[in-house]
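The values are calculated or read from the model by the stated rules, or taken from the named source; none is laboratory data. Note that this is a predicted model, so its numbers are computed, not measured. All Cβ positions, even for glycine, are placed from backbone atoms using ideal geometry, and neighbour counts span all protein chains on display.
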Amino acid sequence: MLLLETLNVKHRILQPLPSSLQLPIAVTCYWLQNSEPKANLHHLQALLLGMICGQLHEIISNPGKCDFALNAKMVYDQFLKIKQQKLWDRRLDLETAHIFCQWQCCLQMGLYLNQLLSTPLPEPDLTRLYSGTLAHGLYHELRSAASAENLLSTCPETSHLYNRLFLVVKSSVPAEHFLPSRKSKPRKTKRKKRATKGEKRMGATLATRASNRFAMLTLSDLEEPSL
């Protein structure tokens, strides 16, 4: 499939996933491989949990279709609480915002390419796929103390779906991708030797000569010609 070849994703790894999430996950695999600055584990988890939130909304809207709607609502309400807290907190991590914007751009281009190729993959419901406020809130929640598994613990079914999504995306990058980057040792700067009195005197003399050379040009420009 040309679409997946462009995104550098194998079709077989997407087959176990819900059809509505196959394109977003394929795009996420591409984004994770190419984002600059490099997206970290919490960025990925926040995006995947946002997708899960959209699935929870669909379950709650049609409670008769599944037998775990009550548990799903508990997780969904927890996500809404995180989103509400982020609305009150106006601080913005610019690097995280940039990384999430890159993901949105990748998704947009993925949608365009999918349409151009006569939609080989089903198009997702964009209204339930991504919320910037929720993504930023989840990112900060994950950085502070929470884990994705704990956030989904009251609904094992959604936790299972999250694990499937995570494993698919994780398989698309090298194992060391999420390891912290090693900080290079700062180079020791050599102390500059203090200039001797003779060097200072020589520098002053050269500067004076140079200024005198250009002073003549300046004077000739400023002086009025004598009649």
Counted residues, the stretch 100-125 - those being more than 18 Å from Leu7 (Cβ to Cβ) and of a type outside the set (Phe, Trp, Tyr):
2
Going through the stretch 133-146 one residue at a time, which ones are closer than 21 Å to Lys73 by Cβ and assigned to a loop (DSSP other than H, G, I, E, B)?
Ala146
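Would you say Leu121 is of a type in the set (A, V, I, L, M, F, W, C) and modelled with pLDDT under 95? Working first, answer last.
On the way: of a type in the set (A, V, I, L, M, F, W, C): yes; modelled with pLDDT under 95: no.
So Leu121 fails the test.
Quick check, is Val9 under 25 Å from Leu142 (Cα atoms), touching a helix residue (DSSP H, G or I) at 6+ places or on another chain (Cβ under 7 Å) and of a type outside the set (S, T, N, Q)? Don't jump to the end; show me each part of the working.
Numbers: under 25 Å from Leu142 (Cα atoms): no; touching a helix residue (DSSP H, G or I) at 6+ places or on another chain (Cβ under 7 Å): yes; of a type outside the set (S, T, N, Q): yes.
Considered against the rule, which asks whether it is under 25 Å from Leu142 (Cα atoms), touching a helix residue (DSSP H, G or I) at 6+ places or on another chain (Cβ under 7 Å) and of a type outside the set (S, T, N, Q), Val9 comes out as no.
Residue-wise test of (1) in contact (Cβ under 8 Å) with a residue 60 or more places away in the chain; (2) of a type outside the set (S, T, N, Q); (3) assigned to a helix (DSSP H, G or I).
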{"site": "Glu5", "(1), (2), (3)": "no, yes, yes"}
{"site": "Arg12", "(1), (2), (3)": "no, yes, yes"}
{"site": "Leu21", "(1), (2), (3)": "yes, yes, yes"}
{"site": "Val27", "(1), (2), (3)": "yes, yes, yes"}
{"site": "Gln45", "(1), (2), (3)": "yes, no, yes"}
Within the stretch 57-89, take every residue that is within 18 Å of Ser147 (Cβ to Cβ) and among the aliphatic types (A, V, I, L, M) and give me the one that is surrounded by the most Cβ atoms within 10 Å (Cβ to Cβ).
Val75
Quick check on my filter: what residues within the stretch 139-165 are surrounded by fewer than 17 Cβ atoms within 10 Å (Cβ to Cβ) and at pLDDT 95 or above?
His160, Asn163, Arg164
Only residues that are among the basic types (Lys, Arg), under 21 Å from the mean Cα position of the chain (by Cα) and assigned to a helix (DSSP H, G or I): list them for the stretch 76-132, please.
Lys83, Lys86, Arg128
Could you tell me whether the stretch 58-71 includes any residue that is touching a residue at least 60 places away in the same chain (Cβ under 8 Å) and in a helix (DSSP H, G or I)?
yes
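So, Leu49, is that one in a helix (DSSP H, G or I), at pLDDT 95 or above and under 10 Å from the mean Cα position of the chain (by Cα) or not? Full working, then the answer.
Working: in a helix (DSSP H, G or I): yes; at pLDDT 95 or above: yes; under 10 Å from the mean Cα position of the chain (by Cα): no.
The answer is no for Leu49.
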Take Leu165 and tell me if it is aliphatic (A, V, I, L, M), in contact (Cβ under 8 Å) with a residue 12 or more places away in the chain and within 16 Å of Trp31 (Cα to Cα).
yes
